[in-house]
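Here the structure comes first, spelled out in structure tokens, and everything after it is commentary.
The values are calculated or read from the model by the stated rules, or taken from the named source; none is laboratory data. Note that the structure is a prediction, hence the values are computed from the model and not measured. Don't worry about glycine lacking a Cβ; one is built from the backbone with ideal geometry, like all the others, and counts go over all protein chains shown.
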Amino acid sequence: MYEEPYKWVEAVGNRRTYLDEQFKEGAPVVGVTCERGILLMTMSKGTPKLYEIYDRLGLGGMGHPADLEKLRFNLLEMAHVEGFNRSASDVKGGRLVKYGMAPAIKQAFEEVFKAPFIVKILLAELGQKAGKDGFLTINYDGTFEEKSQYAVLAATSAVEQKMAGYLREQSLASFADAVGAAIRTWAVGDRAQRRALDEGEGHDEARTSPDQLATDTETLYAYLRRCIAEKTVECALLDRHVQGPSKYRALGVDELKALLPNELSPLLS
Amino acid sequence: MGMQSDFYQLLKEQGYVFGVLGQVARGQELTTATTILAFKYRDGVLVAGDRRATAGNMVMYDRTDKVLEIDRHSVMAIAGVPATAYEMARILEHSFKYFRRTQLQELSFEGKLRALSKLLKDNVPAALAGTGAVVPIFAGYDFEQEAAKIYFYDILGAEFEGVDYAVSGSGSPTIRGILHYVNTWGEQPLSAMPEEQATVQALRLLTSAAEFDSATGGVNRDAGLYPVIKFITASGVRTMPDAQLKPLFEAKVSRHV
């Protein structure tokens, strides 16, 4: 039935609608560069969403845990075989995404008889020098974007734009500033997604535009206090200053408590 | 469906072959690396190695690093054919990283020992043919036992725990006797020595090995060449910088030789 082109286009369109639905309740992901390195931040219930991929590569994901796991393993396999056969310096996020991950996700998305990957991926790459850090985001249809200062994942592009707009205005002078900015940006995104869900407007991006939602710090902290009670704050750092080749490390509760704003840190356990 | 955690297996599935059988051509001398040692001191394990690589009676290189950090808590010291040993170290390094990143937990110390044993076993044909014999020492911090440990291997892959110390390489017969003597009848056992005293002991041992074994490189003060000395504790692997080795050597070792 999909031999006719217009039916194939229709099937792909249906698939896009189906996939958009799957992300409505997903947790946003924030990645931001700072003096210490690249900070990745999200909140999760049970299944982690931030991972180490290679010496200077970290991953944040949204979507179905099994699909995320499959793609994470593919990335790990590609990165480690390349790192062994050539060198760690040849393992580049751009190559992994452009010639490995993105084509596979696009193919799965367009093969309408097979299940697509229900994932959005943010790959963060710590540069050899400050100022050379980078991000790649991949959508469920295989389209990818490269960014330098920060990158976010959220249910819709409208929410992502709102998060990016908020993050642009924040100070990232110290590491604690970056952690505070990242968690507030996460709240901006998650709050916008919740509002869209509550209002049942998730299908139409124009109508779900969250521009009218307040983003003052007090409102965001009140929202975050509720989220922290239900979820786990996940924070990882590609640490520029750590000794040895592997730069990725997850931030523990004690370290996070010391870095988070006073309004939130007592809630961590 | 497997656990998808074995990097070495993944390499083999992609056509990689380790330990290829070869034959040494008549008159051909292979490069080998020489004296390595490890012993338990007060805070953990000290691992040290001289810097010389030889081929027959020719010195090939005097800046060889034979004490290789495999991960944040493990070190492999190598004696034997460096080409094979470095390849083993690269496989181990990637295997441990791959395990940690896929399984979201560190490979156990026992698992790390077994990984090296498997590589040595696969290397047996090359070792027996004379093209790739490696006799390593593996030391690391065992978080399950909360102790730094030392293991040494034979070329067939059998592993043995060095309860107090382990040695390998052509200069090892000399220092094995000294280690036994110092540990048994010295003022204090090796395991009670603080870091500085342990470092002096390692420098003296390698200097003694160089005295009696031409394939072991001693300290070359003119070139600023000192042995590689690393410490393994619960907080990780740390290298003693040459800037710290130099005054210790001047004060506690050189005046005796």
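Consider segment A:85-100 and keep the residues that are in contact (Cβ under 8 Å) with a residue 40 or more places away in the chain and over 27 Å from B:M88 (Cβ atoms). The one that is nearest to the other protein chains (Cβ to nearest Cβ) is A:G93.
When the residues of segment B:69-128 are filtered to those that are among the hydroxyl-bearing types (S, T, Y) and within 26 Å of B:R51 (Cα to Cα), the one that is farthest from the other protein chains (Cβ to nearest Cβ) is B:S117.
Give the residues of segment A:138-160 that are farther than 16 Å from A:L39 by Cβ and of a type in the set (V, I, T), sorted by residue number.
Selection gives A:I138, A:T143, A:T156, A:V159.
Checking segment B:144-157 against the condition returns no match, with no residue being more than 30 Å from B:L119 (Cα to Cα) and at pLDDT 95 or above. Does any residue of segment A:43-51 turn out to be within 28 Å of A:Q161 (Cβ to Cβ), within 14 Å of chain B (Cβ to nearest Cβ) and basic (K, R)? Checking segment A:43-51: at least one residue is within 28 Å of A:Q161 (Cβ to Cβ), within 14 Å of chain B (Cβ to nearest Cβ) and basic (K, R). With respect to A:L220, determine if the residue is touching a residue at least 40 places away in the same chain (Cβ under 8 Å) and touching a helix residue (DSSP H, G or I) at 6+ places or on another chain (Cβ under 8 Å). So A:L220 does not fit the description; no. The residue pairs whose first member lies in segment A:24-35 and is more than 16 Å from A:I183 (Cα to Cα), whose second member is buried (at least 23 other Cβ atoms within 10 Å of the Cβ), and whose beta carbons are closer than 6 Å, counting only pairs six or more residues apart or on different chains, are A:K24/A:A155. Just one residue in the set B:A251, B:A210, B:A243 is crowded, with 17+ Cβ neighbours inside 10 Å, among the small types (G, A, S) and not in a strand (DSSP E or B); that residue is B:A210. Is segment B:226-233 home to any residue that is hydroxyl-bearing (S, T, Y), part of a loop (DSSP other than H, G, I, E, B) and touching a helix residue (DSSP H, G or I) at 6+ places or on another chain (Cβ under 9 Å)? Checking segment B:226-233: at least one residue is hydroxyl-bearing (S, T, Y), part of a loop (DSSP other than H, G, I, E, B) and touching a helix residue (DSSP H, G or I) at 6+ places or on another chain (Cβ under 9 Å). Filter segment A:116-169 for residues that are closer than 30 Å to A:V12 by Cβ, among the aromatic types (F, W, Y) and assigned to a strand (DSSP E or B) and give the result. Within segment A:116-169, A:F135, A:F144 meet the criteria. Considering B:G157, B:G217, the condition of being crowded, with 21+ Cβ neighbours inside 10 Å and in a loop (DSSP other than H, G, I, E, B) is satisfied by B:G217 alone. A count restricted to segment B:218-229 and to residues that are closer than 20 Å to B:R176 by Cβ and at pLDDT 90 or above stands at 3.
Do we find that B:R238 is under 19 Å from the mean Cα position of the chain (by Cα), within 19 Å of B:S74 (Cβ to Cβ), surrounded by fewer than 22 Cβ atoms within 10 Å (Cβ to Cβ) and among the basic types (K, R) in this structure? Yes; evaluated as a whole, the condition is true for this residue. Take B:I70 and tell me if it is touching a Leu at 6+ places or on another chain (Cβ under 7 Å) and assigned to a strand (DSSP E or B). Yes, satisfied.
Scan segment B:1-52 for residues that are away from chain A (no Cβ under 14 Å), modelled with pLDDT under 90 and at negative phi and the total you get is 14. Scanning segment A:52-84 for residues that are within 9 Å of chain B (Cβ to nearest Cβ), touching a residue at least 40 places away in the same chain (Cβ under 8 Å) and crowded, with 21+ Cβ neighbours inside 10 Å yields A:E52, A:I53.
Looking at A:L40, is it within 13 Å of chain B (Cβ to nearest Cβ), within 14 Å of the chain's Cα centre (by Cα) and at pLDDT 95 or above? So A:L40 fails the test.
Scanning segment A:115-130 for residues that are free of Cβ contacts under 8 Å to residues at least 24 places away in the same chain and within 23 Å of A:K24 (Cβ to Cβ) turns up just one, A:A115.
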